[in-house]
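Read the structure below first, then the notes.
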Amino acid sequence: MNKNLIILIISLGIFLFACKTKKVVNLSDPKPKDKGSVDVKSSNVDSRRTEVYKGIMGAKNVTPEFSFLAEADYFDGKQSVGLNLEISAKKDQYIYLNAKALGFVNVARLMIQPDSIRILDLINRKYISASYQFMQNFAQVKIGFNELQNMIWANAFYDPNIQQSSLDSLGQQLILLLNLGSVQQKAMYNKSYVLQSVSLFEQAKSQEMQVDFTNFKYVDGISYPHAIVINISGEKKIACKFEISNFAGSIKKEPQFVIPKSYKVQVY
């Protein structure tokens, strides 16, 4: 696996399906499912769809900005890595991350913005800049800034499209399956329409990434999960766990992302 992608995995729990294929699926217009695929336990399907859509979008986290600390544990079956993370995010502008080992050794800094992903590899003294188009070389689905932002905001990668989804219920849980071509998104919500887990599954390759959100706490009027677990199964099995602390609904200081002149530059 590309070492630069490992940095992304550790820092955001984002791994683009652990595959090396270069096939890309355009998700700008998801294909509708066949007739009869919608399973809604309601006498009025259209009314239920509208109710669910409004509920999910109404409960979606749209906080303008926030910051927190996290202890991250990464395991891929061969190596285990623990990092301390400092994360700040401002909606539609950036997601910034500073990673430290042993609590004080700076490892990497990431600046994720709508036009690029930039990484300072502080160990190897490298600056890496990657476009989202390059990232598609490692994914079967479109992963751009909006999708990364949705995940860090504890939302589903892709907003629901009720007319092109299957809807079901399991006890107090609501399950929404969104067809994205060769990939399916499965989102599970509680009775208040708050996202509990989301997964992306590619049936042809039996590859799946699942993100679980638990231990929700209200801080500064914001409900945010303080435990996030990412499990990836496919060519490799990867697990990332994040324990969050010091959550705040504000950013005390704007992040500084300065590229030292002595660093080797890699652009993708």
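Observations, loosely collected:
- Charge tally in the Cβ shell below 14 Å around residue 67, where Lys, Arg are +1 and Asp, Glu are -1, residue 67 excluded: 0
- Alpha carbon centroid spacing (whole Å) that separates segment 243-260 from segment 147-188: 29 Å
- Net charge of neighbours whose Cβ lies under 15 Å from the Cβ of residue 153, counting Lys and Arg as +1 and Asp and Glu as -1: -2
- Positive contributions from Lys and Arg (+1) and negative ones from Asp and Glu (-1), summed over other residues with Cβ under 9 Å from the Cβ of residue 228, come out at -1.
- Low-density loop cleavage sites - chymotrypsin sites (Phe, Trp or Tyr not before Pro) in segment 96-197, where at most 13 other Cβ are within 10 Å (DSSP): 104
- Distance between modelled label sites at residue 133 and residue 47, nm, 7 Å Cα→Cβ extension: 4.9 nm
Every number here is computed from the coordinates shown, using simple stated rules; none is lab data. Owing to the predicted nature of the structure, the values given are computational and were not obtained by experimental measurement. Quick reminder, even Gly has a Cβ in these numbers, built from the backbone with ideal geometry, and neighbours come from all protein chains shown.
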